[in-house]
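Let me begin by presenting the structure, written as structure tokens, before commenting on it.
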Amino acid sequence: MKIWIQSNTKNISQKVAKQLQSKLLQAGITISANRPDLVVTVGGDGTFLSAFHRFNDQLEHIEFVGIHTGHLGFYTDWQDSEVDNLVEHIVNNQKKTICFPLLDVKVTFKSGVVSHFLSLNESILKRVSQTMRADILIDGRRFERFRGDGVVLSTPSGSTAYSKSLGGALIDPSLAVMQFNEMAPINNRVYRTVNSSLILPKEQVLTVMPAPQSDYIVTIDNLSYDHCSVQKIDYQISCETINIASYRPKRFWLRVRNAFLVDEN
Ligand code: NAD
């Protein structure tokens, strides 16, 4: 088995990564970034997102698992004090593979160039200096004309991140759906948006066609592209998924409770 360890730059993460590497080597496991079978992240959810983007062209054969060195994350469910336990589970290879849905983001720029991205949490299209105006289409039919700060499309596992801050619903990642949320929509006698979260099933496409400007910001998780001349963005649930190595039961609603309500088992 080949494993890659991706850590953030914090001292504690580097220390845990070193400790993990030496225990894996002792167990006869190869550490390599070249087509690994398993990627172990050490840090927080941001580190996990970065590892996902680094290896997102090899999702078919890679599994991911996360160790957190700060507070419990949504993708990082092993504590830094549990390294021995995790190594034992990895060596025994007794696990379930859980697949989380991903968002397919197809950006068509005014130049005609088309770029494809995969998102694990969410993708945002926004304008900072002035109001963003955009037509929102579902399966090619106009749904609403949006005016406000921007729009966010999120995955189920991203529903506990930015989308939650916008008042979006929390969605169990076993459901392959995407969620649309508006950022500060303008609603008055002249302008009208639905101003509710929309949850769209797999295969439906939500298209955002912003008014022609060249100062849009497009984000894909923790990556941001500024000064974009976007003609349109098509969003849909991807046919690709991320494989999470689950060595012990994952209970989404317990995680939600521990993160947002009370830390208790
Ligand atoms: P980061 O990595 O420091 O993450 C910011 C916070 O978001 C951390 O507390 C992290 O644990 C949490 N987070 C990330 N993914 C999560 C998830 N799926 N469920 C619950 N919490 C999650 O910051 P970054 O690298 O700039 O951005 C990464 C992510 O942070 C973005 O994808 C976005 O979802 C989130 N974010 C949220 C807000 C907000 O809620 N207002 C603002 C910026 C970024």
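Here each label is just a point 7 Å from Cα along the line to Cβ, and for K18 and L72 those points are 2.9 nm apart. Run the accessible area of the chain with a 1.4 Å probe and give the carbon-and-sulfur part as a rounded percent. It is 47 percent, rounded to a whole number. For the range 226-258 and the range 34-105, what is the centre-to-centre distance using only Cα atoms, to the nearest Å? If you average the Cα positions of each part, the centres end up 13 Å apart. The residues of the chain expose, per residue, 49 Å² of accessible area to a 1.4 Å probe.
Counting only alpha carbon atoms, the long axis of helix 11-26 and the longest principal axis of the chain meet at about 50°.
Let me know the longest stretch in the chain that avoids all GluC sites (Glu not before Pro) found in a DSSP loop with at most 15 other C-beta atoms within 10 Å. Longest gap between qualifying sites, sites excluded: 61-202. Extending 7 Å from the Cα toward the beta-carbon at both A169 and K95 defines two label points whose distance is 3.1 nm.
Pairwise Cα distances in the range 101-240 exceed 26 Å in 14 percent of cases. Overall, the anisotropy analysis places the range 1-47 in the oblate class: the square-rooted eigenvalues a ≥ b ≥ c of its C-alpha gyration tensor yield a/c not less than 1.5, with a/b not exceeding b/c. The Rg/Rh ratio of the range 44-94, with Rg taken over Cα atoms and Rh as the Kirkwood radius over Cα pairs, comes to 1.00. Between 0 and 90 degrees, rounded to the nearest ten: what's the tilt of helix 83-92 against the longest Cα principal axis of the chain? Long axis of 83-92 versus the principal axis of the chain: about 90 degrees. Dipole magnitude for the chain: about 440 debye, using +1 per Lys or Arg Cβ and -1 per Asp or Glu Cβ, origin at the Cα centre.
The values are calculated or read from the model by the stated rules, or taken from the named source; none is laboratory data. Since we're looking at a predicted model, the values are computed, not measured. Reconstructed Cβ throughout: ideal geometry from the backbone, glycine too, with neighbour counts over all protein chains shown. With ligands, DNA and RNA removed, areas are computed over all heavy atoms of the protein, side chains included. Shrake-Rupley method; radii C 1.70, N 1.55, O 1.52, S 1.80 Å.
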